[in-house]
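A quick write-up on the structure given underneath.
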């Protein structure tokens, strides 16, 4: 009798590699609350053997080397970038499907060919995949916002798009780091990786190229004194003014349970603790070229990481896409 | 014997209209710490007659109607926009010079002709003025950052500049407002006045036009969960790449005590409680058109309001420009 | 056919008076997520006629005068103190049961006789009641912590107990109030109502007296720069040292789903967004009289207000006590 | 010609051991702003050789082993507890006076005999000392508040005093520590070291014993989600009610430039960035024994560490006690 029947009647056992970081903990919490998944194992090398309270439940971590990969039907890898790839391979050898939350297999990483799990735009490929590259948090907020314009050819060829994103500190991980101490972050705000140097930009550019777009992207990420949430402010020149400024998004995402199109400005409060992207667009007055500003907000740990990972896992396992996800 | 001799030996009496708001309080604090100024009066209609502790000193507010305008050689008006203009006129009749912190007399307001007190770029006009329009906080952070490029003709004619600014909540004033309650602002971040609808944009555009520039500006202000500070992220296309990316700023502001040009990214921590603008610029990689991102940080209450106001007042009164200002 | 069948099949219609404050909004959110309740109406005088998004759902507020009281089987009143009492009476005339979240009917208010809904300690009375006075947030955190010692006679007669509580700002309500603006609260911490002047102290004292205790209480509430959560630190002299320091709480609350007794120090993070009280106790070293420090943490809006109100409503309506409540 | 003449004309050279922590940085900033002191060296082992911007000035750190102890007339040691003592001895061999900010030489440490630098209460001893043990931040806030009552014999012999203190996170130091990451501290509040286990309690008890008091102290420190500031809430039984509740403090601290006695509740905002203790007291209503609550607020990095250290250094060097200190 397989191990997991002890874990939950009629539940599918899944594992989490790298469970002590912010995304890993969020995954554990989602799995606990999920009607059809149960946690087969959770790894955390530094805390191996320790029992830790994660969102109201006790979890005993094992070292990644000791993870019973074969006990899980699907494995979420929230291991550090660079480390994750090998474990995706090992998980495959153990016949487990994988949702990889690291950057290792994403577009622009050099490891092409793995379906890119921007769920709403890749349902079919994700459903049939054994391995999915779960998108980065910044790319999720930006690409979901841009897709309707790219699809309609609304942006002039070769145009430049300006993206300013601001993220809560959980996006920077949970490793002890002096720069992320409370007294360093509180009351502060800063740009970082300016000059288009952020790890996520190749992912954005490669995906836009996959979509047939040749736009330039000027991307500046910023660090907010909040724990969670990302808000991207995207300025886009248009071929022609839009009659219905929200039309492209309303059409593209008409029946999406996890995408909200609103005339009001989305805020972090609107999206945190929810697996949604909330998007608006406004025409900019007084510009020679018709120009839009698009605002897109997500919870970086849910729609930008663990939530979208579970959304993808649901598809891969034949479960309802919304199962276990807070909308 | 004039009233003010009682106030401070060899000190110049100045008054503050609208002293109970954040900028007004900051003005009172700067005046108290100033070696050559003393406070002749401070008005606050709602708190008239009350003695309030402002940064360690007790101040008794009077109603604006009861302010002894003639007792002051110079008056700072931090009255609400729309209200200030009349009091600037009355102060003039009382032979007081005026630094007006409201938007009433700024470029783009319809009341042109008053010197615009972006101090570093208008020293001579300010020194000779009887009334100065003190710049808005967003325009200060943006225009000081753009001036060196405009002066050099480095931006292609008719090009579009994208400005994303984020401000602490003191920029929104101290009136009781449900949207600014702690529980509404904490853990949140949002864009507002998107679509180029912010009051400060006409000021920016009119000033750029005064400088002979015809660039378009896409401006999106954001509200940060911090008390003070503004950081503007400005993306600018260039006519040609810069050999020395910081050169234009280092040359323009070579001997400026209140402008810091740095290769590091400025942060709010670097500038709060200081009367400085701190600026960097970085070339954006991977763009068809050579493009810079400029980051400019100020304390919205000091260099963006009360500090620059005292800097202007110092010039108008023949005092050293740096007197009483924290750099 | 009664109105509410349109609202939800097999759901019990309930109303919320005073739905635009923090507790009222939390009530609406809990009712929406509740398996057996549906919202018959929600009142908010200032926002009458407006449709407001509350935790992901749209609610149209009505004026309290227009509330169809008779449509609800049970009404939650989150009206301001002093105003609520009359509406409790009117709701009774309309044959609706009432959970009153105001202070109007609590012990010490002068309106005695209404069951006091400290649920775990008053289940039978609450189950049979038509009106319940829902406890204040501070008293909930304090009285649940003290009850096991009072019941055992562990505190010397006439002794003095020292209570220091710290609350997030939502405890102070959502009315626009300059003292609660973000820039006033951030980076600050203060005591208030010192000298035993807080509204909640009579409620605590009257309840202790009802329990037969004659202890003195020195109570100092403090305002924290957080949105939600209360932590009370209670220092209690004992008749004799405890062999098992957590024993009294573990026994009293052995099977309680919403009370957690832990050897670790509870924190606000442990309890926010959950309807629980989390309590520890530690012996104080180096004291002549055996002395305990008890730490008790709750979410002021859930276990301290809306959550406990739904817990009481569940009992009054014959539903499972835990229905619809996040533990 | 001694080294320090190069450092500043007519300035006294001082050194800082352990300059990269929060207290060490604050010391460097105070020394820079001081009219009569200049920085001879600053040590930071991990950052040796690095030039770091500290409050607007560049400082190049050296390893502690390389510090030219003999170049300084006075040395501030902000080294970790346990490490500092040896360096105090070495500094003495180099003929430098020392203000030791560690706990190594404080009352209750086992190393008695060194003057305890609670400046206002130990002026003569400090002035004549070659080594001073600078008080801890919690003890400073608590002992300055208690001293007037102890001196008057106002507290019943053997009585128990309850102290609840809450501190900003800079009190916990600047070492990278997961528990002090922004996302762990924000929106949280917790007690720690409950059960009278905090390092500072022996210091408080030994000092009270030195003052001839035999009171018991129940001390619970708490961690606040703010960068700086300590507020202590102290509940004290009295022998008899006070006619003038603030009288004892007003008399004891009548001419003190750094102690403020106020009828209003002191807040962290009142004291941060200032070298003051701000104290109030209120009679508690409804208690059998006359009881006071005393509230005492300081900036933990100034009056609770670097500020008081400079105050002591000023006395030791024959400078005006207030020199270089923000009141």
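The values are calculated or read from the model by the stated rules, or taken from the named source; none is laboratory data. Please read these numbers as outputs of a predicted model, since none were measured by experiment. Using ideal geometry, Cβ is built from the backbone for each residue, glycine included, and neighbour counts are taken over all protein chains shown.
Does the stretch B:172-205 hold any residues that are under 19 Å from the mean Cα position of the chain (by Cα) and either within 28 Å of residue C:176 (Cβ to Cβ) or surrounded by fewer than 18 Cβ atoms within 10 Å (Cβ to Cβ) (or both), and which are they? Give the derivation first.
From the stretch B:172-205, those under 19 Å from the mean Cα position of the chain (by Cα) are B:172-174, B:198-205; that's our starting set.
Within the stretch B:172-205, B:172, B:173, B:174, B:198, B:199, B:200, B:201 meet the criteria.
Going by what's in this entry, would residue C:72 be described as farther than 30 Å from residue C:208 by Cβ and surrounded by fewer than 18 Cβ atoms within 10 Å (Cβ to Cβ)?
The answer is no for residue C:72.
So that you can scan it fast, the table gives a plain yes or no per residue for (1) closer than 26 Å to residue B:183 by Cα; (2) in contact with a strand residue (DSSP E or B) (Cβ under 9 Å, 6 or more places away or on another chain); (3) within 14 Å of chain B (Cβ to nearest Cβ); (4) part of a strand (DSSP E or B):
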| position | (1), (2), (3), (4) |
| --- | --- |
| A:273 | yes, no, yes, no |
| A:280 | yes, yes, yes, yes |
| A:288 | no, yes, yes, no |
| A:292 | no, yes, yes, yes |
| A:321 | no, no, no, no |
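What do you reckon, is residue B:202 under 18 Å from residue A:231 (Cβ atoms) and either part of a strand (DSSP E or B) or more than 7 Å from every other protein chain (Cβ to nearest Cβ) (or both)?
no
Would you check which residues across the stretch C:75-94 are touching a helix residue (DSSP H, G or I) at 6+ places or on another chain (Cβ under 7 Å), surrounded by fewer than 20 Cβ atoms within 10 Å (Cβ to Cβ) and in contact (Cβ under 8 Å) with a residue 24 or more places away in the chain and list them?
C:94, the sole residue that qualifies.
Going by the structure shown, is residue C:307 closer than 29 Å to residue A:51 by Cβ, buried (at least 19 other Cβ atoms within 10 Å of the Cβ), at pLDDT 95 or above and away from every other protein chain (no Cβ under 11 Å)? Talk me through it step by step, then tell me what you get.
Numbers: closer than 29 Å to residue A:51 by Cβ: yes; buried (at least 19 other Cβ atoms within 10 Å of the Cβ): yes; at pLDDT 95 or above: yes; away from every other protein chain (no Cβ under 11 Å): yes.
Answer is yes for this residue.
If I go through the stretch B:49-66 residue by residue, how many of them are more than 22 Å from residue D:264 (Cα to Cα) and either touching a helix residue (DSSP H, G or I) at 6+ places or on another chain (Cβ under 6 Å) or buried (at least 16 other Cβ atoms within 10 Å of the Cβ) (or both)? Step through it out loud before you land on a result.
First, the residues of the stretch B:49-66 that are more than 22 Å from residue D:264 (Cα to Cα): B:62-66.
Within this subset, residues satisfying the condition of being either touching a helix residue (DSSP H, G or I) at 6+ places or on another chain (Cβ under 6 Å) or buried (at least 16 other Cβ atoms within 10 Å of the Cβ) (or both) are B:62, B:64.
Looking only at that region, the number is 2.
For residues that are more than 15 Å from the chain's Cα centre (by Cα) and surrounded by 15 or more Cβ atoms within 10 Å (Cβ to Cβ), tally how many sit in the stretch A:315-325.
7
Of the numbered conditions (1) assigned to a loop (DSSP other than H, G, I, E, B); (2) within 17 Å of the chain's Cα centre (by Cα); (3) over 15 Å from residue C:30 (Cα atoms), residue C:297 fails exactly one; give the number of that condition.
Checking residue C:297 against (1) assigned to a loop (DSSP other than H, G, I, E, B); (2) within 17 Å of the chain's Cα centre (by Cα); (3) over 15 Å from residue C:30 (Cα atoms), the one that fails is (1).
Going by the structure shown, is residue C:69 closer than 25 Å to residue A:270 by Cα and in contact with a helix residue (DSSP H, G or I) (Cβ under 9 Å, 6 or more places away or on another chain)?
No, not satisfied.
Please tell me if residue A:191 is within 12 Å of chain B (Cβ to nearest Cβ), more than 13 Å from residue A:217 (Cβ to Cβ), without any contact (Cβ under 8 Å) to a residue 60 or more places away in the chain and touching a strand residue (DSSP E or B) at 6+ places or on another chain (Cβ under 7 Å).
It is true that residue A:191 is within 12 Å of chain B (Cβ to nearest Cβ), more than 13 Å from residue A:217 (Cβ to Cβ), without any contact (Cβ under 8 Å) to a residue 60 or more places away in the chain and touching a strand residue (DSSP E or B) at 6+ places or on another chain (Cβ under 7 Å).
For (1) over 18 Å from the mean Cα position of the chain (by Cα); (2) under 22 Å from residue C:259 (Cα atoms); (3) in a loop (DSSP other than H, G, I, E, B), each residue gets a yes or a no:
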| residue | (1), (2), (3) |
| --- | --- |
| C:75 | no, no, no |
| C:102 | no, no, yes |
| C:126 | no, yes, no |
| C:132 | no, yes, no |
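In the stretch A:211-229, how many residues are away from chain D (no Cβ under 14 Å) and either on the phi > 0 side of the Ramachandran plot or in contact with a strand residue (DSSP E or B) (Cβ under 8 Å, 6 or more places away or on another chain) (or both)? Please lay out each step first, then the result.
Residues of the stretch A:211-229 away from chain D (no Cβ under 14 Å): A:211-222.
Still in the running and either on the phi > 0 side of the Ramachandran plot or in contact with a strand residue (DSSP E or B) (Cβ under 8 Å, 6 or more places away or on another chain) (or both): A:212, A:215-222.
Total satisfying the criteria: 9.
Taking the residues in the stretch C:175-188 that are within 7 Å of another protein chain (Cβ to nearest Cβ) and modelled with pLDDT of 95 or more as candidates, determine which candidate is farthest from residue C:229 (Cα to Cα).
This residue is C:183.
Checking residue D:46 against (1) assigned to a loop (DSSP other than H, G, I, E, B); (2) surrounded by 15 or more Cβ atoms within 10 Å (Cβ to Cβ), which single condition isn't satisfied?
For residue D:46, the exception is condition (2).
Only one of D:267, D:207 is under 25 Å from residue C:300 (Cβ atoms) and either touching a helix residue (DSSP H, G or I) at 6+ places or on another chain (Cβ under 6 Å) or within 11 Å of chain C (Cβ to nearest Cβ) (or both). Can you tell me which?
Of the residues listed, the single one that is under 25 Å from residue C:300 (Cβ atoms) and either touching a helix residue (DSSP H, G or I) at 6+ places or on another chain (Cβ under 6 Å) or within 11 Å of chain C (Cβ to nearest Cβ) (or both) is D:267.
Could you tell me whether any residue of the stretch B:120-131 is touching a strand residue (DSSP E or B) at 6+ places or on another chain (Cβ under 6 Å), outside the structural domain of residue B:77 (by TED's automatic domain parsing) and buried (at least 21 other Cβ atoms within 10 Å of the Cβ)?
No, because not a single residue in the stretch B:120-131 is touching a strand residue (DSSP E or B) at 6+ places or on another chain (Cβ under 6 Å), outside the structural domain of residue B:77 (by TED's automatic domain parsing) and buried (at least 21 other Cβ atoms within 10 Å of the Cβ).
Could you list, in sequence order, the residues of the stretch A:152-174 that are closer than 25 Å to residue A:103 by Cβ, touching a residue at least 60 places away in the same chain (Cβ under 8 Å) and either in a helix (DSSP H, G or I) or within 14 Å of chain D (Cβ to nearest Cβ) (or both)?
Scanning the stretch A:152-174 gives A:167, A:168, A:170, A:171, A:173, A:174.
Looking at the stretch D:16-23, can you tell me whether even one residue there is outside the structural domain of residue D:180 (by TED's automatic domain parsing), over 15 Å from residue D:74 (Cα atoms) and in a helix (DSSP H, G or I)?
Scanning the stretch D:16-23, I find at least one residue that is outside the structural domain of residue D:180 (by TED's automatic domain parsing), over 15 Å from residue D:74 (Cα atoms) and in a helix (DSSP H, G or I), so the answer is yes.
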